[in-house]
Each structure stands twice: as C-alpha cells, then as structure tokens.
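**Student:** Here's a structure for you.
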Amino acid sequence: MKNVFLFLRRYSIFILFLVMQGLALSMLFSYNRFHQTAYGMFSNEVAGRLNKQVNRVEEFLMLTEQNQQLHKQNAVLLSYLPSGKILADTSFQMVADTLLVDSLKSYRQFQYFDAKIISNSVFLQQNIIVLHRGSAQGILPNMAVIGTDGLIGTVISVSKNMSLVMSLLHRQSKVIAVLKKGSGLGEISWDGKDPRFLLLSKIPKTIEVSKGDTVVTSPYSDKFPPGLPIGYVEKVDQDQETNTYKLKIRTAVDFYAVQHAYIVKNLLQEEMDQLKNTLIKE
Amino acid sequence: MNLILKNIVRFILILFVQIFMLNKIPPLHQFVVPYFYFVFILWLPFKIGRTALLFVGFSVGMLTDMFFKTPGLHTAACLLMAYVRPFLINLLLPKEATDWGNEEPSKKTMGLAPYTTYLIMLTLLHHFYLILLEWMQFGSFLYFIGKLLATTLVSLLLISITDLFLERKSKLR
C-alpha cells in the first residue's frame, strides 16, 4: 500500500499530464464525429462575440465589394419581377384541362434566412465559418448555407445565437454536384491545397467536359436547392486508374471576401425524414 | 508590473496577433501556416512549477482551440510541450531551474546556443504532435513531413523576428 502511494506521489505530474492529454484527445476525436459538444456551444458564444467586434472593422474595409455584389444580385432579382414578364398567347390553341390541382400555383419548398458571417478562415485544413444566427432564429444543423454567388457550406452546429458552418474548404466536406449542361453525378471535395479551387471526382469519362463548364448542386439533394452554382471547371484531368475525370473547379464564391450569407431551410425536410425513417423501421 | 498580470497581458496580445493577424494572412501554400501563440509557454519564467505549467498549457490550448474551432487539437500539443519543457531546461542549463527566479528563457539569460536549441526542440515537438494528430484524420505522409518542416521554419522565423524587435527585459530581480 505504501508503495502505491509512493508511486502515485512520484509520478503525480505524469499522471496529471496523461489525464489532461486524454481529455484533449477525446474532445478532438468525439467532436469530429458528432460535430457537437457542450464545449462547442460555449466557445461559439464567447469567441463569436469577440469575432463580431473585429468583423465590424473588416466589413467597413470591404464595403465597395459588397455593394457591387448586392447590386448585381439586385439586377438578377429585378428580372424576376412580374412586371418584366408577359404571358404567352394561348388563344389559338385549345387545351383540355384535365388537372385537378391548380398547376399554375407554385408551392414553396425553400425558405431563406439572411445571416452575417462573423468569422471565416481559408488558410486552415478544416475551415469553419461562424454565422450570427442560431437556434433562437430557427436555424438547425444540416441546413445549407449559400452566398450571393453560390454554395458556401452546411451548418454543422448551432448555439443560441451563433452557428458553425462547415465550408466547402473543409477536408471532410463532401457535396454531390452535377454539371449544369448535362448529366453526370459527381462529388465535390477539397484537397487542402489552394482555397480558390475545389475537386470534382466521379464524373464518368463518357461525358464531355470542357474548361468553363458550370458545376451546380444536384437535383437529388434534400438540403441544397437544385441548380445552385458551386464553381466553374478550371482544368480537366484524366484519372488514369479509374474511368472518371478529376476536375479542378474554381469556386463560385470568393471565400476570401465573403461577408453575408443566406441559410436555406427545406420546408419538406421533416416529411422527407419521416418517410425515410419508415423505410428503416420496416 | 506584477509577474502574473504581465503574463496575462502578454498572453492576450499574443493570442490577438495569432487570431486576428496571422490567421488572416492569405495562404501562400498548403504547408505554410504561421503558428505563433505557443511561444507564450516558451517564454514563461523559469521558476513556474510543473503542475502549474501543465494547467497553463491546458488553458492556453483550450483558449486557442476556441478560435481555431478545433477542440482538443492545440490543447494536446500545448500540454505535451508544457510537460517536456522542465526536462529540457534542466538538461540545457547547469543550475537548478528554480535558482533562476523570475527570469525567462531568452538569449541573455540562457546564452545563444542553449536558447536556440530550446526553441528548435520545443517548436519541433509542438508541431510534430499537432500535425501528427491532423495527419491521422486526413493527408498523406508527404503532407506530414512537408508541413512539419515548413511550419517549424515559419514559426522559428516569427519567434526570432519578435526576439530581435522586442527585448524582453525582466525588471524583477
């Protein structure tokens, strides 16, 4: 018994070191799997508040660029106004109305929340963006985040007023994408080398791809609105080992300068999840 | 100035430089990441106890992790560095570390050669562990070696520049 105490006393610092090391490592590995811990909630709020203050200065310095982006988006939105459209002349055609539902009326599937980016990085291997919107404003994990020009990432963790977004520039980020001009389901990932470029893999070689093609979100995704730009093909590489391309994609969003974002909520998500759950139960 | 207060102010300054200046630099290359915050542990006074040093290392790592959004990664590396530091100092310096009182490791107090060895060894150790943990989650062996060498060089460069420009005087004797 005496020896045990002597041992403990002698190696107390080493044991303390091991305990702390274990704590740190368990935090690291459990966080990466579940993306959510009490620590995450706390640090979001504290670090987020400080980031917000510094961000105010940065935002002031980037006003011109933001203005231009918003101006451009305004122009796009103006073209959608009903006053800018006319109806096609259908008076010469006789069409039998066989529909029981009003097909002219459209139903809303995606709802957009505006959010401000208060912290952003591009130089790490796991880049996380912090948004100033949280559970109090109706944000949930797994919602899509888009910018003025295209896709930014996915919400992974939410606290009361802040949320963490896994940006496309994250080594563990995987997004299903298609080429805008045709078929071909691929996967967008990031190799961690250059924050201006992403990788698109799994596009079969039977499809013709050329430089400048637009890559958009796939229509089969349940969280991203379909047809949202992700990037433009910069370089086409043939993967020698497989029957697929390795495409270098220039990001649609300028991750260096992004300041505002929209969080997208899929209003049918709950219904979809329920349906999938019934499948699992059976 | 009180020794504890001085170190707290220094820590806030170093963390500010790391988060809001070094982290905002556009990346030059995948391997080149400027890490600087850990220099706080290198510059703590000689007389700090080993248990206290471990707790300081843990809290420094945690606070940094909050801003890096990588819970545990920097904490683990800082802890290892804080644990090894007393052994290295005893190895490099002839006298018992406690005899040095309030003085900090620097070129003046340790001499150029031991101080340089001290910097290189601990920086390399910190980065080795940090990048090893990162490598376990993704990346290739080339990524590990390349990033280890590049980040160590950048960090040493940053530390030597700071040492040249700011002479850390220890007024308490």
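Read-outs: derived from the displayed coordinates by stated rules, not from any lab. Computed from a predicted model, the values in this text were never measured in an experiment. Here the Cβ is made from the backbone with ideal geometry for all residues, glycine too, and neighbour counts use every protein chain on show.
**Student:** Among the aspartates and glutamates, which fall within straight-line cross-link reach of A:K223, defined as a Cα-Cα distance under 17 Å, with same-chain neighbours fewer than 8 residues apart omitted?
**Tutor:** By straight Cα distance, A:K223 reaches A:D114, A:E187, A:E270, A:E271, A:D273.
**Student:** Now a separate question. Looking at chain A as a GNM with Cα springs under 10 Å, which of A:N142, A:N74, A:N127 has the largest mean-square fluctuation?
**Tutor:** A:N74
**Student:** Please compute the Cα-Cα pair-distance distribution of the protein assembly as shown with 20 Å bins starting at 0, giving whole percents from short to long.
**Tutor:** Answer for the protein assembly as shown: a P(r) of 20, 47, 24, 7, 1, 0 percent.
**Student:** Using a Cα-Cα cut-off of under 16 Å, which aspartates and glutamates could be cross-linked to A:K276, ignoring same-chain neighbours fewer than 8 residues away?
**Tutor:** Cα-Cα hits under 16 Å: A:D222.
**Student:** Note down the nm distance, to one decimal, between modelled labels 7 Å out along Cα→Cβ at B:T162 and at B:N90.
**Tutor:** For the pair B:T162/B:N90, the computed spacing is 2.7 nm.
**Student:** What list do you get for B:M81, B:M110, B:M121 if you sort them by fewest beta carbons within 10 Å? Working shown, then result.
**Tutor:** Numbers: B:M81 25, B:M110 21, B:M121 16.
Listed from fewest to most nearby Cβ atoms, that is B:M121, B:M110, B:M81.
**Student:** Related question: Which of A:K52/B:K147; B:K47/B:K107; B:K6/B:K108 have a Cα-Cα distance over 23 Å?
**Tutor:** Values: A:K52/B:K147 31 Å; B:K47/B:K107 17 Å; B:K6/B:K108 19 Å.
With Cα atoms farther than 23 Å apart: A:K52/B:K147.
**Student:** While we're looking at this one, here's another question. I need A:H260, B:H127, B:H29, A:H170 ordered by Cβ neighbour count within 10 Å, fewest first.
**Tutor:** Details: A:H260 15, B:H127 24, B:H29 11, A:H170 21.
Ranking A:H260, B:H127, B:H29, A:H170 by Cβ neighbours within 10 Å, fewest first, gives B:H29, A:H260, A:H170, B:H127.
**Student:** Let me check I've understood the local charge: for A:R9, count other residues with C-beta under 14 angstrom from its C-beta, Lys and Arg +1, Asp and Glu -1. What total comes out? Can you show the working numbers first?
**Tutor:** Details: positive: A:K2, A:R10, B:R50; negative: none.
Its environment carries a net charge of +3.
**Student:** If you find the alpha carbon centre of segment A:185-205 and of segment A:135-168, how far apart are they in angstrom?
**Tutor:** Comparing the Cα centres of segment A:185-205 and segment A:135-168, I get a distance of 21 Å.
**Student:** Counting only C-alpha contacts under 8 Å and six or more residues apart, can you give the relative contact order of segment A:175-251 as a whole percent?
**Tutor:** Working: 175 pairs, mean separation 23.7, N = 77.
The normalised contact order for segment A:175-251 reaches 31 percent.
**Student:** Can you quote the Å³ per residue value for the convex hull of the Cα atoms in segment A:175-251, rounded to an integer?
**Tutor:** Values: hull volume 6.7 nm³, N = 77.
Taking the convex hull of the Cα positions in segment A:175-251, it is 86 Å³ per residue.
**Student:** Provide the net charge surrounding A:I207, with neighbours chosen by a C-beta distance below 13 Å and charges set as Lys +1, Arg +1, Asp -1, Glu -1. Each step should come with its number before you reach the end.
**Tutor:** Numbers: positive: A:K180, A:K181, A:K202, A:K205; negative: A:E208, A:D213.
Summing Lys and Arg as +1 and Asp and Glu as -1 gives +2.
**Student:** A follow-up question, please. Provide the net charge surrounding A:I118, with neighbours chosen by a C-beta distance below 12 Å and charges set as Lys +1, Arg +1, Asp -1, Glu -1.
**Tutor:** The answer is +2.
**Student:** Quick one: of A:K174/A:K248; A:K174/B:K24; A:K174/A:K202, which pairs are farther than 19 Å apart, Cα to Cα? Walk me through the numbers on the way to the answer.
**Tutor:** Working: A:K174/A:K248 15 Å; A:K174/B:K24 25 Å; A:K174/A:K202 12 Å.
Over 19 Å apart, Cα to Cα: A:K174/B:K24.
**Student:** What is the distance in Å between the Cα centroid of segment A:214-282 and that of segment B:111-151?
**Tutor:** Result: 36 Å between the Cα centres.
**Student:** As an exercise, use a Förster radius of 56 Å and the Cβ-Cβ distance of B:L142 and A:N277 to find the FRET efficiency, rounded to the nearest 0.05.
**Tutor:** Numbers: r = 44 Å, r/R0 = 0.78.
Efficiency, rounded to the nearest 0.05: 0.80.
**Student:** Another one. I want to check the label-to-label distance for A:Y232 and A:H260. Put each point 7 Å from Cα in the C-beta direction and report it in nm to one decimal.
**Tutor:** For the pair A:Y232/A:H260, the computed spacing is 2.3 nm.
**Student:** Quick one, could you list the DSSP H helices from chain A stretching 27 Å or more along their long axis (Cα atoms) with average Kyte-Doolittle hydropathy of 0.5 or above?
**Tutor:** On the way: long enough: A:12-34 (33 Å, 1.45); A:38-61 (34 Å, -0.38).
Correct list, ordered by number: A:12-34.
**Student:** Just checking the output field for A:10-23: average partner chain Cβ neighbours within 10 Å of each residue's Cβ?
**Tutor:** Working: counts 0, 0, 2, 7, 3, 0, 7, 10, 2, 1, 12, 9, 1, 6.
Whole-number average of other-chain Cβ neighbours for A:10-23 is 4.
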